[in-house]
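Structure first, commentary second.
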Amino acid sequence: MAEDEVLYESRLHISRPYTPNYPPLQQSNKANRDGFLSIIKDKWSDYRNYNSKNSNLATRSKRNLSLFISPRGEYVAVASANQITILSKENDYQQPHGIFTCSSGGVFTCGVWSETRGVLGVVDHSDTVYFIKVNGEEITRISRRQLKVSSSIAGLIPQDDDDKDAQRQSCLCSFVIITADGCHCQIEIGKEPSASVSNSGVKLLGKFPKDVFCFDYSSECLLLVAVGSAAGLSESTGGNSAGSCILSLWRRSQNFDLEPLFSIQFEGSYSKSKDAILAYPKSQNLIKGSKIWDFCIARLQLLQFRDRLETYMGINMGRFSVQEYRKFRVILVSEAAIALAESGKIGALNLLFKRHPYSLSPSMLKILAAIPETVPVQTYGQLLPGRSPPPRIALREEDWVECEEMVNFINRLPENHEIGIKIRTEPIVKLCLGYLWPSSSELSEWYKCRARDIDSCSGQLDNCLFLIDFACRKGISELQKFHEDILYLHQLIYSDENDVDTCSNMSLISWEQLSDYEKFRMMLKGVKEESVVKKLHDRAIPFMQNRFHNIPSTKDQDMDGHFPSVHMDDSFLVKWLKEIASENKLDICLMVIEEGCRELHINGFFKDEIEAVDCALQCIYLCTVTDRWSIMAALLSKLPQKQDVGISIEGFEKRLKLAEGHIEAGRLLALYQVPKPMKFFLEAHADEKGVKQILRLILSKYVRRQPGRSDNDWANMWRDVQCLRDKAFPFLDPEYMLVEFCRGLLKAGKFSLARNYLKGTSSVALASEKAENLVIQAAREYFFSASSLSCSEIWKAKECLNLFPNSRNVQTEADLIDALTVKLPYLGVTLLPMQFRQIKDPMEIIKMAITSQAGAYLHVDELIEVAKLLGLNSSDDISTVQEAIAREAAVAGDLQLAFDLCLVLAKKGHGPVWDLCAAIARGPALENIDISSRKQLLGFALSHCDEESIGELLNAWKDLDMQRQCENLSILTGTSPSSFSDQGSSITSLPAHGIEEIVDLKDCSELVGGAGSGDLEACFSNIKNTLSFVTKNWHVDSGTDLESFLRENGKLLSFATTQLPWLLELSKKAENSKKFSNFIPGKHYVSIRTEAVVTILSWLARNGFAPRDDVIASLAKSIIEPPATEEEDITGCSFLLNLVDAFSGVEIIEEQLKTRENYQEICSIMNVGMTYSLLHNYGVECKGPAQRRELLLRKFKEKHKPPSSDEMTKIDEVQSTFWREWKLKLEEKKHEAEQTRELEKIIPGVETGRFLSGDLDYIKSAIFSLIESVKLEKKHIIRDVLKLVDAYGLNHTEVLQWYLSSILVSEIWSDDDIKAEISKVKEEIVGCGSETIKTISLAVYPAIDGCNKIRLASHLYKVFEQESQRVSFINNLNFKNVAGLDGLNLQSFQNEVFSHVDEFSVEALAKMVQALVSIYTDSVPEGLISWPDVYKHYVLSLLMTLGNRVGTEFDVRNAEKFQDFLSQLEQTYDFCRTYIRLLALSDSLDIMKQYFTVIIPLHDSHDSIPDNSIWQDCLIILLNFWLKLSEEMQEMALNEGSVGKFRV
């Protein structure tokens, strides 16, 4: 028992104030050691001692204390007068958990905890009930008046045990209140926040004490014990009294109804006080007549002794022993029975069971189990129990004392009480217990355990079999299966055919633990091929039929052909066969399946054909050996065939066929030394790569076999390969298999046979590309395996490639072999195939060939051919080969070959050769190299060179460019610089064969080699004079005089002596100012003069000389010489800005203004002049050429943007009077030119002078003539015309109306064109609406043709416009005769409509008439037709036409023509039928009557009509038509309401 478990609630009342220092410090160790309960006891002892010592203080204070402890000690409440302090076990009761103070000041008399809910229920002296939480918070309170009780409250009972009740889950807690008068009521406290109270009402308990002194309640046992007075006691009674009391025990039900269990009345004294309740019983008479009871017990004991004596004598065969009997009569009879059973005394045990059946029945199975296992079951078979007890049991007659009262007395005795054992006679036991017989399950289990024990202890399986057999015969049918198991084990152990060592050690327990299938397998363990069928028939199959119950299920194969090896519903035989098959014992499987399929529905081996086939297939695929193909085939042959079964099993037929194919495939794989088990074929589809590897392995082994195979053998192998695919590997691509087979043929050297297969077979064709790749791969294997260039592998490689002599790829491979074996040795390079294979870059081989021997680079074509044969076929590869040859040629000194190759490479754009190109371009003169070629090489080098070489190459480019300019000028003029050299000078001109010669001239030693000092002076003087013509400052800045500078710079001296005078002469000649087209690439029109001046300026700039103004002006003049473009004018102006004297530029520009006639050229030079003026004003701010250049570019980019006001102000402030006036003059001229151009553009051929002078008559006539021209030619000139009108003061509205009338009456302008043109001036036309209406009415409308209904519609009212558009498709209809601007044209309306009615226009005209007539809402003018008149006119016109034809064409001799006429008449009626029904009834009938009268001419000829069948048919047709007309006329009359009939 736990120390902290509270077993009771102690309530004492003492008088002493409560102190919060609880428990005292000196007692804390004791609390830890002895527990809280001991501290409570000690503390309250101290309190009681304190009260006894201080009774006076207690009397004065009158403050009572109470202690309320929860059942498990979780909470303790200390009540002191009207205050309650709550302590918790959480903090070891050290600090208050909560404090509650009652405001009424009452004293708490009783209380109880609902520990699971954490709620304290207490009652004070006024019988008010309080419910308090553990934190001291009051939940609610209930007064005695609210409870409606008539007596004081005795106490509370918590209902913690009701937590599982669903009805209690909605409330916080529940208490039962017990009152002193025996009433109770149940209180339920609702959950927060409402804390509602539910009172079940007061209930009176019957047989409850009248005045309850005290009670106690056990929540675990649901028992209530109460003590109260028997006769009733007043509450005012106090002190000690004596009287009769009742102690009663009650059991509580689920709804707290109390059921009385026991009550006893006793006499004694009791005390009822507020401090304690004490009761002292004086005597207790629980049972009246004790002597009688002692007599009854003694009699029962004697009866028991007598019965035991008789039993003892029977057991011992009449022998008696006092000592043994004394023991026997007091021991339990079951113990005696066990002792007899253990000693094997079956007879004595049998007697004991007969005399004491009721006493032994509870221990019957235990007693029987004590019998030794070696005792034969037959000896105690009569003792073995059956399903039910014996029907009759013989006992002695019952004595009078063996009655119910004694049984009740014995039952109330403690268990195993000594007296209870001595007086339990057999009749008493019968009355107490009855015949306790074990259940069938207990019996079944006992028999099994007994059989197991017999087998385990003695090994006597026969004894076990007899035991279970007895049980089964006694009706325990549950043991039937167990009996069969023992029987099967018995047969297994004692059979002569079984393995003795295996079966003899099998115990019954082990046999039971085996599953049914394991037992089945044990029956066949170690079976041989010759005995398996017999064992199956004798034992295994019957066992399987008895134990296996198949659950039907579908065992379809997977989509990919997989077959599961184990199924949950496989029979025992199928499982065993699969295990045997997995052990590769297919011989046994064959015997079993053959026997099972022989009489399948009789022998019971298999359920049906499906199971047999499935089992056989699984056995085949479970076998892992690769040499049993014949047995597998035989096994499949034993299966029931389709014709035997009589039904079609599609799935298994497919599986059988597949298995047969797998067997055949297995044979082939074994034949070709690649054996695989059957299971491999099921999983082959998932490992296509592995299958392909097997195929390659087969071919590889076949190729290596010696001696080599014949063509016939290879053909057989191809058939086998196809068979493998068909039977086992259908997922393999036939083309792949053919490829691999052909690869094997090629490896084996069967080239002629391979040629046939490479072309394809009857079942598969091989793509030419794949065949070529296959041949190429085989040839490469041969070639790279060659040990020399003359071995047989080279020949085989070539022979292999000869299979496709016309293939480009194959020829490439053959060329490679030819290059290595023929071409490269010719060039001095010998490489073995393996050496070639190790060289990654074929370019290395080419370099070896180029450098292998002297002069090898000369074989350019051969080297390039070899490179192509080696695979260097791309343009870049060929260029790299040419680069290597060119460099080798340059090293060898063959510059001509190097130049030719560099020129070719430069055209290709081969960048890496730039350095060689630059060296050759700057190198010595060659036979075929000119300046153009040198510039081409040098330009290529510039575009691909590195940064360090750019400057040097640019200088060389400038020298070449100047030399090229001089050559071009020499060609154009037919002159040369040598003709202008000084004849008397000793300075000679250089031939300038190469740029390197010019570059290498460091001084003038070569130029003045034999000249004297006087000649030199004259020469240098001439040079200075020449320079003075082109440069304004020819002094050298470094301090060196010009003569010394020229002496040191031979290149400059040579140019100044020869080229410069020649160029000056060319620039001065007037005939050289003519511009040539395409003179220089990129420039359209350039003169010789311009080119000469440009060359001079370039030379001056190159050498640091400043040009003279006249040279610059000469260049500018040559550029802007007409014809000149705007770009050329801008370029010329750019040159003019470099003049020192800016006014000379003005003269040049004004000269151009005088000479130019073309407007564009004049405007261009004017713009240039104004820009020139602005730039000169801005130029004062520029500090150098760079700033002037930037300013020039910016201004010409902004040439179309006018200057801002700030800029204009700045210009006015800065510029001089000259530039201002000159700019204004230019602007005025430009304005006049622009006006002239604008007039000529609008009015071609106009006299601009008269226009600009303001001649109004001429201006008006010119503009109106222009407007009249738009009638014949579409011109969108309205904006331009109105602009001229406003500019020259003409009448704007008059001109606009004239223009409007011109385009409206014009046939050239479409309506869309007119709308688009008018939209430009729509607002202006609307603004002069009256003039517009007058123009349309008087000028436009009369001029428009009435048949032009689309144009006419735009000038009419809305309804007229719509109807005009509706009938616009009627070409000759003049809508003016229908309607006009002022309404309908009544005079010609009818005639115009009727004259244009036909089958195409009748409906449109009728709708038009309907719409137009509808405008008259009040009264319709007289003579105006209606829309039905249109239909009536149309129908009558048709009838008139037919009548005229009848009168002119009718011939009684021609029945066919008459029949054709009738047909047309009927067709006309059918066509007009709809129109006729739209007319008024009278009009409709009149028209239909005319269909009859049309045939009137027939009446005049009725006598002459022949009487034959043809005319009879015609008359029948005519009569039928008349009848049709008559019926429809009657129908129309009825529809109009006429009931009478009419006659024709």
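The values are calculated or read from the model by the stated rules, or taken from the named source; none is laboratory data. Just so it is clear, the model here is predicted, and its values are computed rather than measured. Cβ: placed from backbone, ideal geometry, glycine included. Neighbour counts: every protein chain shown. Quick note on the areas: whole protein, heavy atoms, side chains included, nothing else; ligands and nucleic acids left out. Shrake-Rupley method; radii C 1.70, N 1.55, O 1.52, S 1.80 Å.
State which residue is farthest from Phe131 (Cα to Cα) when the search covers only region 83-99 and only residues that are open to solvent by less than 10 Å² (accessible area, probe 1.4 Å) and hydrophobic (A, V, I, L, M, F, W, C).
Leu87
This table checks each residue for (1) closer than 30 Å to Leu222 by Cβ; (2) touching a His at 6+ places or on another chain (Cβ under 9 Å); (3) open to solvent by 100 Å² or more (accessible area, probe 1.4 Å); (4) at pLDDT 75 or above.
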| position | (1), (2), (3), (4) |
| --- | --- |
| Ile277 | yes, no, no, no |
| Ile292 | no, no, yes, yes |
| Met317 | no, no, yes, yes |
| Tyr325 | no, no, no, yes |
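Right, Gly951: modelled with pLDDT of 80 or more and closer than 30 Å to Arg1089 by Cβ or not?
Details: modelled with pLDDT of 80 or more: yes; closer than 30 Å to Arg1089 by Cβ: no.
Here the answer is no, as Gly951 does not meet what is asked.
Just checking, does region 155-164 include any residue being within 27 Å of Arg252 (Cα to Cα), open to solvent by 10 Å² or more (accessible area, probe 1.4 Å) and at pLDDT 85 or above?
yes
Of all the residues that make up region 1097-1127, how many are part of a helix (DSSP H, G or I), of a type outside the set (Gly, Ala, Ser) and surrounded by fewer than 23 Cβ atoms within 10 Å (Cβ to Cβ)? Let's see the steps before the verdict.
Residues of region 1097-1127 part of a helix (DSSP H, G or I): 1097-1103, 1109-1120, 1126-1127.
Still in the running and of a type outside the set (Gly, Ala, Ser): 1097, 1099-1100, 1102-1103, 1109-1112, 1115, 1117, 1119-1120, 1126-1127.
Within this subset, residues satisfying the condition of being surrounded by fewer than 23 Cβ atoms within 10 Å (Cβ to Cβ) are 1097, 1099-1100, 1102-1103, 1109-1112, 1117, 1126-1127.
The number of residues fulfilling the criteria is 12.
Based on this model, can you work out whether Ile371 counts as open to solvent by less than 30 Å² (accessible area, probe 1.4 Å) and in a loop (DSSP other than H, G, I, E, B)?
On the way: open to solvent by less than 30 Å² (accessible area, probe 1.4 Å): yes; in a loop (DSSP other than H, G, I, E, B): yes.
Criteria met by Ile371.
Pick from region 571-600 the residues that are open to solvent by 50 Å² or more (accessible area, probe 1.4 Å) and part of a loop (DSSP other than H, G, I, E, B): which of them is farthest from Pro640 (Cα to Cα)?
Out of the qualifying residues, it is Glu583.
Which ones in region 1393-1406 are open to solvent by 30 Å² or more (accessible area, probe 1.4 Å) and assigned to a helix (DSSP H, G or I)?
Just the residues of region 1393-1406 that are open to solvent by 30 Å² or more (accessible area, probe 1.4 Å), to begin with: 1394-1396, 1398-1400, 1403.
The answer is Phe1394, Glu1403.
Quick one: count up the residues across region 842-880 that are open to solvent by 70 Å² or more (accessible area, probe 1.4 Å) and either under 29 Å from Tyr782 (Cβ atoms) or in contact (Cβ under 8 Å) with a residue 40 or more places away in the chain (or both).
Residues that pass the stated criteria total 7.
Quick test of your reading of the structure: Ser1306 fulfils all but one of (1) among the polar types (S, T, N, Q); (2) open to solvent by less than 50 Å² (accessible area, probe 1.4 Å); (3) modelled with pLDDT of 70 or more. Name the failing condition by number.
Going through (1) among the polar types (S, T, N, Q); (2) open to solvent by less than 50 Å² (accessible area, probe 1.4 Å); (3) modelled with pLDDT of 70 or more one by one, Ser1306 breaks only (3).
So that you can scan it fast, the table gives a plain yes or no per residue for (1) assigned to a helix (DSSP H, G or I); (2) within 57 Å of the chain's Cα centre (by Cα):
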site: Ala890; (1), (2): yes, no
site: Asp915; (1), (2): yes, no
site: Pro924; (1), (2): no, no
site: Leu942; (1), (2): yes, yes
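Give just the number: which of (1) open to solvent by 70 Å² or more (accessible area, probe 1.4 Å); (2) at pLDDT below 75; (3) part of a helix (DSSP H, G or I) does Val1446 not satisfy?
Condition not satisfied by Val1446: (1).
Given the criterion modelled with pLDDT of 80 or more and either buried (at least 19 other Cβ atoms within 10 Å of the Cβ) or under 60 Å from the mean Cα position of the chain (by Cα) (or both), identify the matching residue among Leu905, Leu897. Full working, then the answer.
Values: Leu897 fails: either buried (at least 19 other Cβ atoms within 10 Å of the Cβ) or under 60 Å from the mean Cα position of the chain (by Cα) (or both).
Exactly one residue qualifies, and that residue is Leu905.
For region 1028-1049, check the following and say yes or no: at least one residue is in a helix (DSSP H, G or I), among the basic types (Lys, Arg), modelled with pLDDT of 65 or more and under 30 Å from Ser932 (Cβ atoms). Steps first, please.
Quick first cut of region 1028-1049, residues in a helix (DSSP H, G or I) only: 1028-1030, 1042-1048.
After this cut, where a residue has to be among the basic types (Lys, Arg) as well, the list is 1047.
Next cut, modelled with pLDDT of 65 or more only: 1047.
Next, only the ones that are under 30 Å from Ser932 (Cβ atoms) stay: none.
Scanning region 1028-1049 turns up no residue that is in a helix (DSSP H, G or I), among the basic types (Lys, Arg), modelled with pLDDT of 65 or more and under 30 Å from Ser932 (Cβ atoms).
Output yes when any residue across region 1491-1501 is within 24 Å of Glu1403 (Cα to Cα), modelled with pLDDT under 75 and out of contact with any strand residue (DSSP E or B) (no Cβ under 7 Å at 6 or more places or on another chain), and no when none is.
From region 1491-1501, those within 24 Å of Glu1403 (Cα to Cα) are 1491; that's our starting set.
Add one more test, that the residue is modelled with pLDDT under 75, and what stays is 1491.
Okay, now just the ones that are also out of contact with any strand residue (DSSP E or B) (no Cβ under 7 Å at 6 or more places or on another chain), so 1491.
Yes: one or more hits.
Listed here are the residues, each with its yes/no results for (1) modelled with pLDDT of 80 or more; (2) among the charged types (D, E, K, R); (3) open to solvent by less than 10 Å² (accessible area, probe 1.4 Å).
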{"residue": "Ser1134", "(1), (2), (3)": "no, no, no"}
{"residue": "Ser1144", "(1), (2), (3)": "no, no, no"}
{"residue": "Glu1147", "(1), (2), (3)": "no, yes, no"}
{"residue": "Asn1158", "(1), (2), (3)": "no, no, no"}
{"residue": "Glu1161", "(1), (2), (3)": "no, yes, no"}
{"residue": "Gly1169", "(1), (2), (3)": "no, no, yes"}
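Restricting attention to region 671-693, which residues are part of a helix (DSSP H, G or I), farther than 16 Å from Phe731 by Cβ and open to solvent by 40 Å² or more (accessible area, probe 1.4 Å)? Outline the logic, then answer.
Initially, region 671-693 is screened for residues part of a helix (DSSP H, G or I), giving 671, 678-686, 688-693.
When the remaining residues are screened for being farther than 16 Å from Phe731 by Cβ, the result is 671, 678-679.
Of everything in region 671-693, those that are part of a helix (DSSP H, G or I), farther than 16 Å from Phe731 by Cβ and open to solvent by 40 Å² or more (accessible area, probe 1.4 Å) turn out to be Leu671, Lys679.
Find the residue count for region 711-732, including only residues that are open to solvent by 40 Å² or more (accessible area, probe 1.4 Å) and under 12 Å from Leu745 (Cβ atoms).
The number of residues fulfilling the criteria is 2.
Condition first: in contact with a helix residue (DSSP H, G or I) (Cβ under 9 Å, 6 or more places away or on another chain) and at pLDDT below 50. Now tell me which residues in region 53-97 satisfy that.
Leu57, Ala58 - these are the residues of region 53-97 that are in contact with a helix residue (DSSP H, G or I) (Cβ under 9 Å, 6 or more places away or on another chain) and at pLDDT below 50.
In the list Ile419, Ile428, Ile393, which residue meets the criterion of being part of a loop (DSSP other than H, G, I, E, B) and of a type in the set (Val, Ile, Thr)?
On the way: Ile419 fails: part of a loop (DSSP other than H, G, I, E, B); Ile428 fails: part of a loop (DSSP other than H, G, I, E, B).
Of Ile419, Ile428, Ile393, the one residue that is part of a loop (DSSP other than H, G, I, E, B) and of a type in the set (Val, Ile, Thr) is Ile393.
Please work out which one of (1) crowded, with 21+ Cβ neighbours inside 10 Å; (2) in contact with an Asp or Glu (Cβ under 7 Å, 6 or more places away or on another chain) is the condition Pro924 fails and give its number.
The number of the failed condition is (1).
Taking into account only those residues within region 831-841 that are without any contact (Cβ under 8 Å) to a residue 12 or more places away in the chain and part of a helix (DSSP H, G or I), which is least open to solvent (accessible area, probe 1.4 Å)? Working first, answer last.
As a first pass, look at region 831-841 and keep what is without any contact (Cβ under 8 Å) to a residue 12 or more places away in the chain: 835, 838-841.
Still in the list and also part of a helix (DSSP H, G or I): 835, 838.
On the way: Gln835: 84, Gln838: 136 Å².
Here the answer is Gln835.
Does Gln1390 satisfy the condition of being at pLDDT below 80, open to solvent by less than 60 Å² (accessible area, probe 1.4 Å) and either under 17 Å from Val1367 (Cα atoms) or part of a helix (DSSP H, G or I) (or both)? Give the steps one after another, and end with the answer.
Numbers: at pLDDT below 80: yes; open to solvent by less than 60 Å² (accessible area, probe 1.4 Å): no; either under 17 Å from Val1367 (Cα atoms) or part of a helix (DSSP H, G or I) (or both): yes.
In short, no.
Which one is surrounded by the fewest Cβ atoms within 10 Å (Cβ to Cβ) among residues in region 435-487 that are assigned to a loop (DSSP other than H, G, I, E, B), small (Gly, Ala, Ser) and modelled with pLDDT of 85 or more? Full working, then the answer.
If we filter region 435-487 for residues that are assigned to a loop (DSSP other than H, G, I, E, B), which is where we start, we get 435-439, 459-460, 474-476.
When the remaining residues are screened for being small (Gly, Ala, Ser), the result is 439, 459, 475.
From the residues that got through so far, the ones that are modelled with pLDDT of 85 or more too are 439, 475.
On the way: Ser439: 9, Gly475: 12.
Step by step, filter region 435-487, then rank; the result is Ser439.
Let me confirm something: among Glu405, Glu398, which residue is open to solvent by 30 Å² or more (accessible area, probe 1.4 Å) and either out of contact with any helix residue (DSSP H, G or I) (no Cβ under 7 Å at 6 or more places or on another chain) or in a helix (DSSP H, G or I) (or both)?
Details: Glu398 fails: either out of contact with any helix residue (DSSP H, G or I) (no Cβ under 7 Å at 6 or more places or on another chain) or in a helix (DSSP H, G or I) (or both).
Among Glu405, Glu398, only Glu405 is open to solvent by 30 Å² or more (accessible area, probe 1.4 Å) and either out of contact with any helix residue (DSSP H, G or I) (no Cβ under 7 Å at 6 or more places or on another chain) or in a helix (DSSP H, G or I) (or both).
Out of everything in region 291-342 that is among the aromatic types (Phe, Trp, Tyr) and assigned to a helix (DSSP H, G or I), what residue ends up being farthest from the chain's Cα centre (by Cα)? Can you show your working first?
As a first pass, look at region 291-342 and keep what is among the aromatic types (Phe, Trp, Tyr): 293, 295, 305, 312, 320, 325, 328.
If we keep only those that are assigned to a helix (DSSP H, G or I) too, we end up with 293, 295, 305, 312, 325, 328.
Numbers: Trp293: 95, Phe295: 99, Phe305: 95, Tyr312: 94, Tyr325: 96, Phe328: 91 Å.
Among those that are among the aromatic types (Phe, Trp, Tyr) and assigned to a helix (DSSP H, G or I), it is Phe295.
Kindly provide the set of residues from region 672-716 that are aliphatic (A, V, I, L, M) and free of Cβ contacts under 8 Å to residues at least 40 places away in the same chain, ordered by number.
Within region 672-716, Val674, Ile694, Leu697, Ile698, Ala715 qualify.
Out of all the residues in region 280-290, which are at pLDDT below 75, of a type outside the set (Phe, Trp, Tyr) and not in a helix (DSSP H, G or I)? Break it down into steps so the answer makes sense when it comes.
Within region 280-290, the first condition is being at pLDDT below 75, and the residues that meet it are 280-287, 289-290.
With the extra rule that they be of a type outside the set (Phe, Trp, Tyr), the set shrinks to 281-287, 289-290.
Correct list: Pro281, Lys282, Ser283, Gln284, Asn285, Leu286, Ile287, Gly289.
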